[in-house]
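Here the structure is laid out as structure tokens; the discussion comes afterwards.
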Amino acid sequence: MRNNKVLTKLHNGETVFCFKSIYAEPDIVEMMGYLGVDVIWICNEHIAINPEKLKNVCRAGRARDVDIMVRRAFGNYDDLLHPLEMGAAGLMIPHCKSAEMAREIVRQTKFHPLGKRGVDGISGDSCFGTISLDEYMRQANAGTFIMIQIEDVEAIDEIEAIAEIDGVDIIFIGPADLSQSLGVPGNFKSGKIRSIIRRTVKACKANGKYCGTSGLDYNYMKELIAEGVRFITVGSDYGMIKKGVTEALDNCYELVNPTLKSYLQGRRKL
């Protein structure tokens with residue numbers, strides 16, 4: 001089984017920078033791997049993904065030695081099991097509101113002695129059954145990470161208890177939904193959220209876990225790193241395509257029709 005880059009970097013005291021692929025295309029994932037990306041976030045919470053396509057995304061990640069982290073809501077038994085068996089290096093579970101819920105997530109995603117995950121042992125994550133069952137279960141426990149998202153006010157007072165749970169690796173503060181839950185929608189850097197991030201960093205350090213959140217911009221990332229955040233999301237294929245096309249189009253019209261350039265910039269703000 002391949003080495004988990006996220007866990008290796010975190011255990012070595014390094015900061016992990018995660019890119020997001022909105023389009024979940026295997027070619028984009030493979031290209032990101034060639035460019036040196038360590039971990040790619042695939043959202044299967046807000047975006048429906050065909051299971052075969054998700055399997056190919058995980059396969060592309062294994063081919064280019066890049067960790068694939070799948071965000072998927074906690075619900076049915078197989079919701080979290082399937083991405084793991086496809087070879088996802090980690091799971092991000094949104095809207096975890098309690099330590100009880102976090103413990104159940106661990107129970108379903110980790111093998112004995114941490115949990116009671118269902119055993120198959122012939123899929124992509126087990127090198128298609130080419131390693132012994134004991135070794136597979138041991139490596140699967142040690143080589144996949146579980147990230148719990150804090151996105152609701154109900155979860156704030158559960159942070160310390162969640163950080164104490166064996167099998168939880170990263171606690172991620174989701175600023176978008178959390179800002180809404182706190183009554184400050186869209187204020188991703190509000191004092192309330194910054195305070196929760198600092199609280200999470202403290203709880204994680206006390207229990208050998210790691211705090212993550214969204215980077216948002218360069219200066220904010222510098223502040224987060226200084227405060228002890230070790231997993232930071234930094235950008236997406238959607239955002240990069242949008243920015244690249246916008247800048248290229250503006251440059252083209254600057255050459256021939258600056259008035260049209262101003263018109264286009266105005267429409268983008270509507």
> Wholly within segment 178-262, which helices (runs of 4 or more DSSP H) include no fewer than the required count, namely at least 3 residues that are modelled with pLDDT under 95?
Replying inline: 237-256
> If you check every pair at least six apart or on different chains, which have Cβ atoms under 6 Å apart with a residue in segment 50-75 that is touching a residue at least 24 places away in the same chain (Cβ under 8 Å) and closer than 11 Å to Leu91 by Cα first and a residue that is assigned to a helix (DSSP H, G or I) and charged (D, E, K, R) second?
Replying inline: Asp67/Lys5; Arg72/Asp79
>> Anything in segment 158-176 that is over 22 Å from Asn141 (Cα atoms) and in a loop (DSSP other than H, G, I, E, B)? List them, or say none.
In response: Glu158, Gly174
>> Residues that are at pLDDT 95 or above, buried (at least 18 other Cβ atoms within 10 Å of the Cβ) and over 26 Å from Glu30 (Cα atoms): does segment 64-84 have at least one?
In response: no
>> I need every pair where a residue in segment 173-186 that is surrounded by 15 or more Cβ atoms within 10 Å (Cβ to Cβ) has its Cβ under 6 Å from the Cβ of a residue that is acidic (Asp, Glu), sequence separation at least 6 or different chains.
In response: Gly174/Glu151; Asp177/Glu151; Leu178/Glu151; Ser181/Asp152
> Are any residues in segment 144-172 in contact with a Lys or Arg (Cβ under 6 Å, 6 or more places away or on another chain) and either under 11 Å from His95 (Cβ atoms) or free of Cβ contacts under 8 Å to residues at least 12 places away in the same chain (or both), and if so, which ones?
Replying inline: Asp152, Glu154, Ala155
> So is Phe111 at negative phi and either in contact (Cβ under 8 Å) with a residue 60 or more places away in the chain or not in a helix (DSSP H, G or I) (or both) or not?
Replying inline: yes
> Scanning segment 21-32 for residues that are surrounded by fewer than 20 Cβ atoms within 10 Å (Cβ to Cβ) and touching a residue at least 24 places away in the same chain (Cβ under 8 Å), which turns out farthest from the chain's Cα centre (by Cα)?
Replying inline: Asp27
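Hey, among Glu45, Glu100, Glu104, which residue is in a loop (DSSP other than H, G, I, E, B) and under 30 Å from Leu182 (Cα atoms)?
Only one candidate passes the filter, namely Glu45.
The values are calculated or read from the model by the stated rules, or taken from the named source; none is laboratory data. This one's a predicted model, so the numbers in the text were calculated from it and none came from an experiment. Quick reminder, even Gly has a Cβ in these numbers, built from the backbone with ideal geometry, and neighbours come from all protein chains shown.
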